[in-house]
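Some notes on the structure that comes next.
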Amino acid sequence: MENRHVVIIPIEIDEEKESAYLDAWQDAADVMAAQPGFIRTYMFRTIVPGSKFSLVNVAEWESTAHWEEAMNVCPMMGQQIAVAHASNYEAIRTVLPATKQSPGSGDGHTLAGLSPVEARRRVVDGELTLVDVREDDEWAAGHPAGAVHAALSTLPASLSDLPDGPLAFVCRTGNRSMQGSAQAIRAGRSSVYSVTGGVEAWEAAGLPVSLPDREDSVNNGDRAKAAARED
């Protein structure tokens with residue numbers, strides 16, 4: 001027990017902004033729950049009228065090193081870390097560790113990773129829909145061939161517009177795709193994946209990318225030539 005790392009973060013926030021904050025916190029917590037060393041996290045709301053800090057987040061990790069590593073994945077916790085009296089608060093949300101799962105199982109209950117190569121194979125075989133969750137300008141600059149676009153900022157409202165069946169989310173490096181996967185899981189979608197390493201890994205693997213103003217796709221090795229022909 002002496003190696004456990006407990007983070008207590010009091011949150012000062014206006015009541016009208018609480019709902020949006022909790023949605024953002026939930027997405028971050030779902031990402032945290034998939035990280036090594038995560039034990040549990042709680043969100044408390046004060047029961048003391050006039051309290052400066054209306055919410056308090058408590059997170060438990062196996063060690064300080066695990067927590068510091070997780071902050072590199074989802075550095076949401078920009079607030080000052082301090083100690084608050086949890087006895088003055090009531091728990092309103094709890095997130096427990098994600099169930100251990102082999103990459104690629106994608107049963108819709110935890111975040112499952114999928115390599116770019118395997119994601120491309122399944123897209124070609126018609127086994128899943130690849131969803132690029134980057135913003136409009138990123139999508140327009142070039143995106144994985146065969147992908148559809150649903151910016152993370154539009155989820156989960158746009159989930160109902162996506163095809164039925166397995167989904168694989170992709171972003172630039174993999175962080176936003178994990179958040180998109182978490183939202184899809186909470187919305188009831190099954191067989192959900194996050195493409196490991198994102199578009200950067202996709203391009204590094206030499207997989208086809210759709211260029212701006214082109215309906216066809218080219219491999220990375222041909223991108224410069226294709227761009228020169230378009231100039």
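For segment 128-176, the solvent-accessible area with a 1.4 angstrom probe is 41 square angstrom per residue.
Taking only the alpha carbons of segment 16-63, we obtain Rg and Dmax values of 12.5, 38 Å in that order. The packing ranking, built from the mean of other Cβ atoms within 10 Å per residue, places the peptides 18-28, 173-183 in the order 173-183, 18-28, highest first.
Residues whose amide H falls under 5 Å from that of residue 11, counting only those 5 or more places apart or on a different chain, are 54, 55, 56, 57, with hydrogens built in the peptide plane.
Here is the list for segment 6-60: trypsin sites (Lys or Arg not before Pro) lying in DSSP coil, each with at most 12 other C-beta atoms within 10 angstrom of its C-beta, are 52.
Karplus-based coupling profile of segment 182-198, in residue order and whole Hz: 4, 5, 5, 5, 5, 7, x, 6, 10, 6, 10, 10, 10, 6, 5, x, x, with θ = phi - 60° in 6.51 cos²θ - 1.76 cosθ + 1.60 and x standing for Gly or Pro.
The values are calculated or read from the model by the stated rules, or taken from the named source; none is laboratory data. These figures come from a predicted structure and were not determined experimentally. Don't worry about glycine lacking a Cβ; one is built from the backbone with ideal geometry, like all the others, and counts go over all protein chains shown. Keep in mind that these areas ignore ligands, DNA and RNA; they rest on the heavy atoms of the full protein, side chains included. Shrake-Rupley method; radii C 1.70, N 1.55, O 1.52, S 1.80 Å.
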